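The values are calculated or read from the model by the stated rules, or taken from the named source; none is laboratory data. All values derive from a computational prediction rather than experimental measurement. We place every Cβ from the backbone using ideal geometry, glycine too, and count neighbours over all the protein chains shown.
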Amino acid sequence: MLKKYFKMNRNQIGKEKSPRFILQTKQIISRIGFACGIILVGLLICVPVTAYDQQAIDYANQGVDYYNLGQYNSAIASFDKALQIEPKIVEAWVSKGSALISLGRYTEALDASDEALKINPNLLEALNNKGNALVSLGRYTEALEAVDKALQINPNYSMAWYNRGNALYRLSKYDEAIASFDKALKFNSQYTEAWQFRGIALEKLGRYDDAISSYDKAIQINPNYSDAWYNRGNTLARLNQYDNAVASYDKALQINPDKLEARQNREAMLEKKKVVKTSQQQTQKAPLIYAPLGAIALMIALFMWQKRR
């Protein structure tokens, strides 16, 4: 959920000074004398004050509302209107980038993040969005550079640790990825995506029980997390726990009936379960079939041995 960065605070960004500001200035002038007061007022006028157009702020806030409702295209349209009026509203660029990422428009999200960073090169949210977009574009080393810069500014930034883990996972650096996911969870223990991707990385290392525990933690936080149920089913399948795997796929499909991979894997597990059951039945029947034949062979052998004697 995006916060409204754009609330008009006249003490900081408004075109008009607040009555409190004017009163304080008058009090200072009366205390230090007219001449010094003129100098002070001159200094205050020379201090750069960012004055955003109110209509631009309204459009930006409207964009935030649309974003939080999941209406990402409408959000982007509102941010664009705000930026047409005030191209330097850095938060509008950042929020536009977040909406573009939600729509899978990663190249445009990268462009929006870069525009924000031109205004403020150290803006954490812009650096994190840039890293997120770069991971999705397969540019993992560049993604690490972006999120590492964010973490230099704020080592406690859980989302940057998560995106760092994502980039490392894609580079097959699973131990390092797990360490980054652990960092993300240290600063936000309710980070379901971090629990899930931690589980995926653990599975890659063959640590299946640990992976299941990680998925279980994600599901405990959000029981409707279909991807966590799906990946839990995959790990259980690797352990040949077919019934439990099918149950996890069922949960994933109950939440998201359109998840094709879960449906296909569920069918594969049911088929495999059938094959295993048939094989076990045949193994159990084998002694019953071959035992009489063995006895007959033994009798013939004894008969031939006695005949030779």
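Listed by position, the helices (runs of 4 or more DSSP H) inside the range 48-107 whose residues that are of a type in the set (S, T, N, Q) and under 16 Å from ALA126 (Cβ atoms) number at least 2 are 90-102. Scanning the range 146-163 turns up one or more residues that are surrounded by 23 or more Cβ atoms within 10 Å (Cβ to Cβ), of a type in the set (S, T, N, Q) and under 28 Å from ASN231 (Cα atoms).
Checking ALA245, ALA179 one by one, the residue that is in a helix (DSSP H, G or I) and either free of Cβ contacts under 8 Å to residues at least 24 places away in the same chain or outside the structural domain of ARG266 (by TED's automatic domain parsing) (or both) is ALA179 and no other. For the range 193-222, filtering for residues that are part of a loop (DSSP other than H, G, I, E, B) and touching a Ser or Thr at 6+ places or on another chain (Cβ under 8 Å) leaves 1.
A single entry from GLN190, GLN264 fulfils the requirement of being in a helix (DSSP H, G or I) and out of contact with any Leu (no Cβ under 7 Å at 6 or more places or on another chain): GLN264. Per this entry, GLU193 is not counted among residues that are acidic (Asp, Glu), more than 24 Å from LEU137 (Cβ to Cβ) and crowded, with 17+ Cβ neighbours inside 10 Å. Number of residues in the range 223-242 that are surrounded by fewer than 17 Cβ atoms within 10 Å (Cβ to Cβ) and in a helix (DSSP H, G or I) equals 1.
Total residues in the range 248-261 satisfying the condition of being without any contact (Cβ under 8 Å) to a residue 12 or more places away in the chain and assigned to a helix (DSSP H, G or I): the figure is 2.
Exactly one residue out of SER172, SER180, SER158 is hydroxyl-bearing (Ser, Thr, Tyr) and over 16 Å from the mean Cα position of the chain (by Cα), and it is SER172.
The C-beta contact set for the range 125-153 (first residue at negative phi, second residue among the charged types (D, E, K, R) and part of a helix (DSSP H, G or I), distance under 6 angstrom, 6+ apart or interchain) comprises LEU127/LYS149; LEU134/GLU142; TYR140/ARG170; ALA146/LYS130; VAL147/ARG164.
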